[in-house]
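These notes concern the structure reproduced below.
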Protein chains: 2
Amino acid sequence: MGEGSINKGYYRLYLPINTIELKPKLFTKLYKHELKATQEKQEMENGSRNVLKPMDSEQLREYGHRMVDFVADYYKTIESFPVRSQVQPGYLHNLLPDSAPDHPDTLEQVLEDVKTKILPGVTHWQSPSFFAFYPSNSSVAGFLGDILSTGLGIVGFSWITSPAATELEIIVLDWLAKLLNLPEQFLSEGNGGGVIQGSASESVHVAMTAARDKVLRRVGKNALGKLVVYSSDQTHSSLQKACQIAGIHPENCRVLKADSSTNYTLRPELLQEAVSRDLEAGLIPFFLGANVGTTSSGAVDPLASLGKIANRNEMWFHVDAAYAGSACICPEYRQYIDGVETADSFNMNAHKWLLTNFDCSLLWVKDQSTLTEAFSTNPEYLQNKASQANLVVDYKDWQIALSRRFRSLKLWMVLRLYGAETLKNYIRNHIKLATVFEQLVSQDPNFEVITPRIFSLVCFRMVPVDNDEKKCNDRNRELLEAVNSSGKLFIIHTALSGKIFLRFSIGAPLTEEKHIKEAWKVIQEEASYLLRK
Amino acid sequence: MGEGSINKGYYRLYLPINTIELKPKLFTKLYKHELKATQEKQEMENGSRNVLKPMDSEQLREYGHRMVDFVADYYKTIESFPVRSQVQPGYLHNLLPDSAPDHPDTLEQVLEDVKTKILPGVTHWQSPSFFAFYPSNSSVAGFLGDILSTGLGIVGFSWITSPAATELEIIVLDWLAKLLNLPEQFLSEGNGGGVIQGSASESVHVAMTAARDKVLRRVGKNALGKLVVYSSDQTHSSLQKACQIAGIHPENCRVLKADSSTNYTLRPELLQEAVSRDLEAGLIPFFLGANVGTTSSGAVDPLASLGKIANRNEMWFHVDAAYAGSACICPEYRQYIDGVETADSFNMNAHKWLLTNFDCSLLWVKDQSTLTEAFSTNPEYLQNKASQANLVVDYKDWQIALSRRFRSLKLWMVLRLYGAETLKNYIRNHIKLATVFEQLVSQDPNFEVITPRIFSLVCFRMVPVDNDEKKCNDRNRELLEAVNSSGKLFIIHTALSGKIFLRFSIGAPLTEEKHIKEAWKVIQEEASYLLRK
């Protein structure tokens, strides 16, 4: 908790219990059912005495409506919550019992607990004033798709376990590949294709495992200790995690320095030098990870030049466009994935900035057999005619887990209920809002924008006084804590070349220009307070 | 498609288009909104001309209700669908356009497509006549939890990103550990704790990676080629996949034979012999996977004896109770996890048989630091006061991915809305139904039950004629295909000691005694037909 905020009394305002008391009227809809509670309890207990009917269609209808109302009311009131939860570690332990109830509670009781105990501990990613990390979009269409998916309750690991789940995924990933104008090799017609993973971490983990196994088939499995991975120091930590899990030796992970001279993108010459040095040392360069929209500053690596080096050296080239990939459906931003034709795998997260509720991480590969060779298993109990005849895709062999949800439904619904043109305008609007914020920052002499902005992320900081960078870092950290403790917005920091700066990341579905301006006002006020201290 | 079924005209009945025509009245609710379609389309297009409002609370309310109605109607009519989808590979490709629409479609159009194009390709896991694989339970409570989780749209990788998500998960996993009477070391008080993974595959992958890194820290990372994994040949293919991903050399995966003499459980002496042999050869035994409820026949390995061997040899001991773990909340079934106190990790899937909609795989470990040492990353942009002060759990360091959904909500709702006693009775009822099926099989001289039944899985087959096992296998395969092509139920096969047999797995939430009897009648009829041929 930032001291500044405590001093100013913001903190107390947002203690769990008060958070709720602030908006008693906003949830009145919930209470209309309160009289039903006794009846409900009896129903549930009958269930426990006789046999539970856990999937009664009329109960699903009634309770489902109530839960939808709860969610709708949540969105109606979302701006009344502190954006970043203000609870203390362990807060919930004291609010909930030590063991599960033996007998049913009512839905009323549970929803009451959600309001008074859970919501105070929620950091509101869907708040229009959430500017932290990168966005994780929720939309009506994505929400509907998730309801349908969880409602159908199917597990589509093999084609036969629900042909529609596999086939819709193939089709919708092709749709998106076309919107992104990906090279034909990534489409499902030939050897390529797309698959939905849970996250960019899983995508890079899957790609790296496939790449590792591919090279080890060539050079022998005892050569694992010689395999080398390359990326810039701006690459997301998921690549490091993928290396750890794949068993790549830490000393063989080349984290190449990217600095302000290239706006924090990876210099191809640096990569070439590293690769050459490793080859001379008898090592085996096998994996290059490049970024379209780094986490810290939204930087875009030069894919074409990097890809050439990877291709020449028979390395697997993975492109992580988890956040910025969504923007590339707009013709004017497509340039940022130019060179993707040199890649072996390409990843973007529809759950970040393309309105598809988490999780929906899209991974395309040029050669699907690299995945199936790494991840296939074929036990007797999973054998079936369609799979044995090689007539179908079994996505279980494209991922870590066996089981998988029907996630293509929500992406399909987003694409159909909004349409491609609307989605492009949605992206453009956020980028426009980022230019607004950028201008606001530029006009204030106490602040500076630190790296050139490409998409909807603005990196900025309070400027140093008397060139004291250390003090400047401390001050920006203080500003961060004060702003987040206010509850009025949520941003995070990062570091570039030893400088702490703040990230203002726009992309929540509810964000409008007024939220940008309000946020800036809070930041300015907290900064003035710090400067006066 | 089974020829027998085509001959009898079942197949035609279930062509996609007829599937729909069979039940025009059942979806009438959907059409009441049809007049709104034009208005809707205009709304969406306004969205595209101006700026999309993808999260309007009143649109969410209205459309959410309609989707809930759609799901409720689906459950009302679920018995009218062929249980296993009867479509042909590639069916959907011809029904959907080649690219995403530029402009919005209406919800009406999308729901119509779900009915006419998607549902025919769905294999109905929630059908009361779904007896394939193991169940994947859906319930009203689980459904509500998923709606709320997707509605809140938070991503709880670090504590600060939504403290409630982390804390509720810790609490609810403790609740379940207590219901299972797990040793205290698995609870969150000390060094242990539970975490929700996506699947049993992920759970064993995570456990094995942690185990691998733990032993390699001791013996040096170049010893990877010496590490040996042990399991019975009845172990789920996810263990083999975990070995592949962890880079364990295939020749070091000991798949120990389990046969009918021990009801397909792993003999401790066999394990001891293998471990001794490997130690003598200078290899490093490091991981043992045991099963409580194997996939093929529901067998239960003798945990205590196996665990002793693992402990004595400093091996990681992982217990996979993905399916049968749920039964162990009943005191009378708790005996089947006796010996779990010798395990390092224990896994059960609440999404299988405990009414929590997929996915919700529960993994407990005794020493959480083994996970965090394997999976931690700590980039600047994820640093925050609570994490740096080591005051909180950051579940990102307990799993492969960074991001994660708020999955504990649905498990919490299941426990609260049903209560522990009701859940136990729910399990008991399925096991009782299994005894009913078992009796039916036993009474028919053309059939035999093949392994002793413990939980709700019955393994059976048509008996061989003249001791011709090959012909018997073929006949059981034919029976399988005929039964599944009827659309009236769905079962799968497996093989034990070279014999093909059929698995009748009970556990769908809607299954009642009448469905068991109807299913048996279909099986008997198809068998008679085969015997007459």
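So the values come out like this:
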{"read-out": "Matching residues, the range B:492-525, being open to solvent by 40 Å² or more (accessible area, probe 1.4 Å), closer than 20 Å to residue B:431 by Cβ and not in a loop (DSSP other than H, G, I, E, B)", "value": "B:513, B:514, B:517, B:518"}
{"read-out": "Scan of the range A:166-210 for residues that are among the polar types (S, T, N, Q), under 25 Å from the mean Cα position of the chain (by Cα) and more than 10 Å from chain B (Cβ to nearest Cβ), ordered by number", "value": "A:181"}
{"read-out": "Among (1) within 7 Å of chain A (Cβ to nearest Cβ); (2) crowded, with 20+ Cβ neighbours inside 10 Å; (3) among the aliphatic types (A, V, I, L, M) - the single one residue B:78 does not satisfy", "value": "(1)"}
{"read-out": "Any hit, the range A:262-273, residues being under 24 Å from residue B:372 (Cα atoms) and modelled with pLDDT of 95 or more", "value": "no"}
{"read-out": "Filter result for residue A:163 (under 22 Å from residue A:54 (Cβ atoms), over 23 Å from the mean Cα position of the chain (by Cα), at the interface with chain B (Cβ under 7 Å from one of its Cβ atoms) and crowded, with 23+ Cβ neighbours inside 10 Å)", "value": "no"}
{"read-out": "For residue B:421: the one exception among (1) modelled with pLDDT of 95 or more; (2) more than 19 Å from the chain's Cα centre (by Cα); (3) more than 7 Å from chain A (Cβ to nearest Cβ)", "value": "(3)"}
{"read-out": "Which numbered condition residue B:133 misses (of (1) under 22 Å from the mean Cα position of the chain (by Cα); (2) within 30 Å of residue A:84 (Cβ to Cβ); (3) touching a residue at least 40 places away in the same chain (Cβ under 8 Å))", "value": "(2)"}
{"read-out": "Single residue of A:238, A:232 found to be at the interface with chain B (Cβ under 10 Å from one of its Cβ atoms) and either touching a strand residue (DSSP E or B) at 6+ places or on another chain (Cβ under 7 Å) or buried (at least 24 other Cβ atoms within 10 Å of the Cβ) (or both)", "value": "A:238"}
{"read-out": "Subset tally (residues that are part of a strand (DSSP E or B) and crowded, with 19+ Cβ neighbours inside 10 Å) for the range A:442-465", "value": "7"}
{"read-out": "Residues within the range A:335-384 that are under 27 Å from residue A:508 (Cβ atoms) and either facing another protein chain (nearest Cβ under 10 Å) or part of a loop (DSSP other than H, G, I, E, B) (or both), tallied", "value": "11"}
{"read-out": "Subset of the range B:132-155 that is within 7 Å of chain A (Cβ to nearest Cβ) and part of a loop (DSSP other than H, G, I, E, B) - its residue that is nearest to residue B:324 (Cα to Cα)", "value": "B:136"}
{"read-out": "Residues satisfying the stated conditions in the range A:325-347, i.e. more than 26 Å from residue A:371 (Cα to Cα) and open to solvent by 10 Å² or more (accessible area, probe 1.4 Å)", "value": "A:331, A:332, A:333, A:334, A:335, A:336"}
{"read-out": "Identity of the residue in the range B:94-112, more than 7 Å from chain A (Cβ to nearest Cβ) and within 22 Å of residue A:165 (Cβ to Cβ), that ends up most open to solvent (accessible area, probe 1.4 Å)", "value": "B:94"}
{"read-out": "Residue within the range B:403-419 that is part of a loop (DSSP other than H, G, I, E, B), open to solvent by 10 Å² or more (accessible area, probe 1.4 Å) and among the small types (Gly, Ala, Ser) present", "value": "yes"}
{"read-out": "Residues of the range B:216-229 classified as surrounded by fewer than 22 Cβ atoms within 10 Å (Cβ to Cβ) and within 13 Å of chain A (Cβ to nearest Cβ), total", "value": "8"}
{"read-out": "Any hit, the range B:466-479, residues being more than 30 Å from residue B:175 (Cα to Cα), under 28 Å from the mean Cα position of the chain (by Cα) and open to solvent by 30 Å² or more (accessible area, probe 1.4 Å)", "value": "yes"}
{"read-out": "Answer from A:58, A:62 - the residue that is without any contact (Cβ under 8 Å) to a residue 24 or more places away in the chain, more than 8 Å from every other protein chain (Cβ to nearest Cβ), surrounded by fewer than 20 Cβ atoms within 10 Å (Cβ to Cβ) and out of contact with any helix residue (DSSP H, G or I) (no Cβ under 6 Å at 6 or more places or on another chain)", "value": "A:62"}
{"read-out": "Hits in the range B:254-274 (condition: in contact with a Phe, Trp or Tyr (Cβ under 9 Å, 6 or more places away or on another chain) and more than 12 Å from chain A (Cβ to nearest Cβ))", "value": "B:254, B:256, B:258, B:266, B:271, B:274"}
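Rundown of residues vs (1) outside the structural domain of residue A:242 (by TED's automatic domain parsing); (2) among the acidic types (Asp, Glu); (3) in contact (Cβ under 8 Å) with a residue 40 or more places away in the chain; (4) more than 25 Å from residue A:146 (Cα to Cα), yes/no style:
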residue: A:307; (1), (2), (3), (4): no, no, no, yes
residue: A:313; (1), (2), (3), (4): no, no, no, yes
residue: A:326; (1), (2), (3), (4): no, no, yes, no
residue: A:333; (1), (2), (3), (4): no, no, yes, yes
residue: A:340; (1), (2), (3), (4): no, no, yes, yes
residue: A:348; (1), (2), (3), (4): no, no, yes, no
residue: A:352; (1), (2), (3), (4): no, no, yes, no
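The values are calculated or read from the model by the stated rules, or taken from the named source; none is laboratory data. Note that the coordinates shown come from a computational prediction; the quantities given were computed from them, not determined experimentally. A quick note on method: Cβ atoms are made from the backbone with ideal geometry, for glycine too, and the neighbour counts reach across all protein chains shown. For the accessible areas, the whole protein counts, side chains as well, though only heavy atoms, and no ligand, DNA or RNA atoms are used. Shrake-Rupley method; radii C 1.70, N 1.55, O 1.52, S 1.80 Å.
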